[in-house]
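The values are calculated or read from the model by the stated rules, or taken from the named source; none is laboratory data. As the structure is a computational prediction, the values presented were derived from the model and not from experiment. In this analysis, Cβ positions are derived from the backbone assuming ideal geometry, glycine residues included, and neighbour counts consider all displayed protein chains. Calculation scope for accessible area: heavy atoms of the full protein, side chains included, ligands and nucleic acids excluded. Shrake-Rupley method; radii C 1.70, N 1.55, O 1.52, S 1.80 Å.
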Amino acid sequence: MEVIIKQDAEAASLLGAKLVASVIRKNPSSVLGLATGSTPLKLYKNLIEFHKKEGLDFSSCTTFNLDEYVGLSPDHPSSYHYFMNENLFRHINVPQKQVHIPDGQTQDVPLHCLEYETKMRQAGGVDLQILGIGTDGHIGFNEPSSSLSSRTRIKTLTEKTLTDNASFFKSGETMPHHVLTMGIGTIMEAKSCLLLAFGEKKADIVAQMVEGPITSMVPASALQWHRSATVIVDEAASTKLKRLEYYRWVYQSKPEWQRFE
Ligand code: PGA
């Protein structure tokens, strides 16, 4: 796992966007795994800017989102369909037919999840999976105790996640407790993973993910087993890392040919 520490969320998101752009430029038909939540917002803003100013071309890309709330229609303002359209898709040139997000209104959850996995496989698998991390260690919506080999399926959110995500819903509105999410096994099959984490409130869980034991109690710790996982954090989210100075040194010493800045 490569850990990169940047000054703030702006600098970390810009670097993350440069990594995504380098993957797309190398392979214009890249399959991107996409995330929602507050974490990737600045990264998406940068990608939109690269598209508008530098012509970063998404026309041959295919995308698969990590998750969606059960019961929300695509036009519900708190749905992840809506989030992705507002914050990325309507500003870039990825064709709608190449965009995939789990259908929270499916009548047959197991079949839909199986088909989602099949579509991912038929697309050649995810080249780069973008991830955030929940304060309870989830990636996607794989809450603690999720099987480390899990596939796309229905999950029940923890109280912690419901509280953390309440700000994405109108006050008084009932939040769905169920979600469809790629599994940890699904995420682990991506050729590379890019996880971003910002702010003091993520410092504890970032340290557990990077330096703690691999355990389903911290689902993101499975990434220690991934062959190509990059974690970009801001200073605030890095404070609990024991080997912080080593990670800084590794990044400073990175050979030129490995850099994407
Ligand atoms: P956040 O959520 O980006 O809103 O902090 C992260 C996550 O739940 O994966």
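Quick look at the values:
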quantity: Tally of residues being on the phi > 0 side of the Ramachandran plot and crowded, with 23+ Cβ neighbours inside 10 Å across the stretch 104-152; calculated: 2
quantity: Which numbered condition GLU68 misses (of (1) open to solvent by less than 20 Å² (accessible area, probe 1.4 Å); (2) more than 16 Å from the ligand (Cβ to nearest atom)); calculated: (2)
quantity: Filtered residues of the stretch 164-217 (kept if modelled with pLDDT of 95 or more and of a type in the set (Val, Ile, Thr)); calculated: VAL179, THR181, ILE184, THR186, ILE187, ILE205, VAL206, VAL210, ILE214, THR215
quantity: One residue from SER221, SER238, SER228 being among the hydroxyl-bearing types (Ser, Thr, Tyr) and surrounded by fewer than 20 Cβ atoms within 10 Å (Cβ to Cβ); calculated: SER228
quantity: Close pairs from the stretch 184-206: first on the phi > 0 side of the Ramachandran plot, partner more than 10 Å from the ligand (Cβ to nearest atom) and open to solvent by 10 Å² or more (accessible area, probe 1.4 Å), Cβ under 8 Å, at least 6 apart; calculated: GLY199/ALA9; GLY199/ASP234; GLY199/ALA236
quantity: All positions within the stretch 241-261 that are closer than 30 Å to SER150 by Cβ and loosely packed, with under 13 Cβ neighbours inside 10 Å; calculated: LYS242
quantity: Conditions (1) within 16 Å of the ligand (Cβ to nearest atom); (2) among the hydroxyl-bearing types (Ser, Thr, Tyr); (3) more than 18 Å from the chain's Cα centre (by Cα); number of the one not met by THR106; calculated: (1)
quantity: Filter result for THR158 (open to solvent by 10 Å² or more (accessible area, probe 1.4 Å) and within 16 Å of the ligand (Cβ to nearest atom)); calculated: yes
quantity: Hey, ALA207 out of contact with any Leu (no Cβ under 9 Å at 6 or more places or on another chain), hydrophobic (A, V, I, L, M, F, W, C) and surrounded by fewer than 24 Cβ atoms within 10 Å (Cβ to Cβ) or not; calculated: no
quantity: Those residues of the stretch 113-155 which are outside any loop (DSSP other than H, G, I, E, B), of a type in the set (A, V, I, L, M, F, W, C), more than 16 Å from the ligand (Cβ to nearest atom) and touching a strand residue (DSSP E or B) at 6+ places or on another chain (Cβ under 9 Å), in sequence order; calculated: CYS113, MET120, LEU128, ILE154
